[in-house]
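A short write-up of the structure that comes next.
FYI, it's all coordinate maths here, none of it is from the lab. Computed from a prediction, not measured in an experiment: that's the story for all the values here. Note: ideal-geometry Cβ built from the backbone for every residue, glycine included; neighbour counts use all protein chains shown.
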Amino acid sequence: MNGAWLAFIPIFMSLAGEPLAESVLLKNGARFVGEILENDERGIKVRIDGGKEMQFSANEVQGIKTPRLARHQLGQSSLDRRDYDAALTSLRQAREEEKRPWAQQEIDRLSYQALLGKGELDQAARLYLDLSERRTDIEWLGQAPLFWSEDETLPPSALVAARGWLHDDRPIARLMAASWLIGTAQHDDAKTVLDELQTLDSRLGGLARGQLWRAPKSPPKEEDLARWRLSVSRLPSSLRAGPMFVLAVSQDRAGQFEQAAISYLMVAYVYWPGSNLAARSLLGAGQASMKTGMADDARKILRELMTAFPGSVWAMEAQKKMAEPPSEEPTRAP
């Protein structure tokens, strides 16, 4: 999240301020000039002279040469600073001015991230569902606004929306609604929907299964955790962050602190770096490491959290943990 998927695409502008022709440069040195049709974390599609369309994966692309509106770039930089209000103001203006479909979609994805960061959950979800009409790939599915942490709060407007989406024709809308309604008065209805979604394709079913781990019928046993760990490993990597986080929380509660710390760090460093879930995971990893007696490692993790997410609630909690005196004996599972 937070625009990390744009890292492989440098921005080029002419010194005179005039737009340059759009072109794609591949890592093998080949260059294709034409009209960019698609540009996201999956790669780039370009229509070259003669009308031929060519598709390149992100791993093949060195960069693109194309102008972006000043408001578009300003929105991106504001988002990177987590100034969500400024980002949304710039991105909304850019969306009105931009005419190229690929750039419009890029602005929409940035706006989605800004809405999530600001806590405008229902607006973010509506934009996500709109974008999902054109994107059904696993990378986009992995960015769905699902709840994975129990400290998530559901605004009243999102609660109303979720009640409607719980019986929507779109499976992704039902998954999202059920995720939000776990632990509410609609808990049983949400659980029923998640059970049904498990029978669909493995991608949605895997996410639904991970959601069900948030509310087990009884505390998970060691064999349950082993089964969940295997289930996570069978998911595509872009879908593992949320289920891995729930697994880490469950391992922590079961007293498997070393395993929990590892699982938390996988979320933070491998599966969803830069996200709010990554911040929560760094806090969890620091706390789990403290419980094993690895105080130095714990402080290193907590300091990194404070540096990477300054001013966040998780950074403030990390600061409190840093100020606590170390426990004399590590707490381990019996």
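Structure above, values below:
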| quantity | calculated |
| --- | --- |
| GluC sites (Glu not before Pro) within segment 81-149, DSSP loop, no more than 10 other Cβ atoms inside 10 Å | Glu133 |
| Hull shadow area, averaged, segment 235-334 [alpha-carbon convex hull, nm²] | 6.0 nm² |
| Residue order, fewest to most beta carbons within 10 Å, for Lys300, Lys45 | Lys300, Lys45 |
| Residue-wise HN-Hα coupling along segment 85-99, computed from phi with Karplus coefficients 6.51, -1.76, 1.60 (Hz; x: Gly, Pro) | 4, 5, 4, 5, 4, 5, 5, 5, 5, 5, 5, 5, 8, 6, 10 |
| Angle in degrees between helix 276-291 and the longest Cα principal axis of the chain, rounded to the nearest 10 | 30 degrees |
| Taking only Cα atoms of segment 100-181, radius of gyration then Dmax in Å | 12.5, 40 |
| Average Cα contact separation per residue, the chain, under 8 Å, 6 or more apart, as relative contact order % | 10 percent |
| Listed peptides 307-319, 79-91 by packing density, highest first (mean Cβ within 10 Å) | 79-91, 307-319 |
| Residue-wise HN-Hα coupling along segment 147-161, computed from phi with Karplus coefficients 6.51, -1.76, 1.60 (Hz; x: Gly, Pro) | 8, 10, 9, 6, 8, 5, 10, 9, x, x, 5, 6, 4, 4, 4 |
| Per-residue Cβ neighbour rank within 10 angstrom, fewest leading, Thr292, Thr184, Thr136 | Thr136, Thr184, Thr292 |
| Sites His167 and Val313, calculated FRET efficiency, Cβ-Cβ separation with R0 25 Å, nearest 0.05 | 0.15 |
| Separation of the Asp49 and Glu133 label points, Cα + 7 Å toward Cβ, nm | 3.7 nm |
| Pairs from Lys45/Lys65; Lys52/Lys99; Lys217/Lys321; Lys27/Lys65; Lys118/Lys320; Lys45/Lys118 whose Cα-Cα separation, in the structure shown, is over 20 Å | Lys52/Lys99; Lys217/Lys321; Lys118/Lys320; Lys45/Lys118 |
| [x] 34, 21, 19; [y] 37, 24, 19; [z] 53, 17, 17, with the label sought being that of the calculated semi-axes √(5λ) of the Cα gyration tensor in Å | [y] |
| R0 of 25 Å, Cβ-Cβ distance Lys320-Glu150: FRET efficiency to nearest 0.05 | 0.85 |
| Most mobile listed residue (Asp49, Asp122, Asp224) in the chain, GNM with C-alpha springs under 10 Å | Asp49 |
| Among Gly29, Gly142, Gly284: highest mean-square fluctuation, GNM of the chain, C-alpha pairs under 10 Å | Gly29 |
| Long-range amide H partners of Gly43 with built H, under 5 Å | Ala58 |
| Helix 121-132 vs. the chain, principal-axis angle (Cα, 0 to 90°, nearest 10) | 50 degrees |
